[in-house]
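A.B. asks: Sharing a structure here in C-alpha cells format.
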Amino acid sequence: MRKTKVVTIEAEGRDKGKSFLITEKSAYDAEKWAIRALLALSRAGVEIPDGALQAGALGVLAVGLDAFRQMHFEDAEPLLEEMMACIAFVPDPDMKDQMTGKPMTRALLAPTAANDGDIEEVGTILRLRGEALDLHLGFSLRDVVSNLQAMLTARASNPPSSPTSPPSVEPSSLDAEPA
C-alpha cells in the first residue's frame, strides 16, 4: 500500500489552516520520474555519478538537490508539474472515506482568471514539494540539510588540530623500566 501524508499549513498567510494529502507514486512512476530528472540534469551539464540512474530517486539525492539549479526550465517544468500531481486538496480534514479511513480529497484547483486556486502562497508550494520528496525518499530532506548544516557549523567552530602539531605522546607500558 502506498504511503500517504496529510500536511496542514501552519505558516501565517492565505493558506494557513489548509490541508493537503500527499500520496506516494507507484514505484514504477517514481523511478521513471527520477530517471527523467537525472537525464535532464545530465543535459544541463551536471556530472551524474556511475550508478545514479539505476538508483532512481536515491540517485537524484546522490547528485544533490543543489544541482537542480543548473537544469533548464523547459526540462524542469514537467517534472515539477508531475510532482504536484501526487498532492490533493483536503476540504475538510474531519471528513474521512469510510473504506480507507483517509481524508476525503479533490484534485488541486489551479489558479484561473476567476479564482486564485487552492494554493495562494509560494511558500506553500515549496513546502508541499519538499514533503512530497520526503515521502518518496523515506526521510526528511529538511532534517538531512539541517544535520549537514549543524555538522558544518560544528566543524567550522572546532577545526581539527593542525597536521604540523606534534601528537601528544605518553610513555607506553612497554617503555617503562622493570621494577
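Quick note: the coordinates plus some simple rules give every number you see, no bench work behind them. Not measured: the values here are computed from a predicted model. No Cβ is skipped: glycine too gets one built from the backbone with ideal geometry, and neighbour counts run over all protein chains shown.
A.B. asks: If amide H atoms are built 1.01 Å from N in the plane of the peptide, which residues on other chains or at least 5 residues away come under 5 Å of the amide H of K102?
C.D. replies: D97
A.B. asks: For a label point 7 angstrom out from the Cα of V6 toward its Cβ, which stretches of segment 104-119 have the backbone nitrogen within less than 16 Å?
C.D. replies: Label zone hits: 104-106.
A.B. asks: On to the next question. For each pair in K32/K102; K3/K96; K3/K102, compute the distance between the two Cα atoms and list the pairs where it is over 18 Å. Walk me through the numbers before you get to the answer.
C.D. replies: Details: K32/K102 27 Å; K3/K96 16 Å; K3/K102 11 Å.
Beyond 18 Å between Cα atoms: K32/K102.
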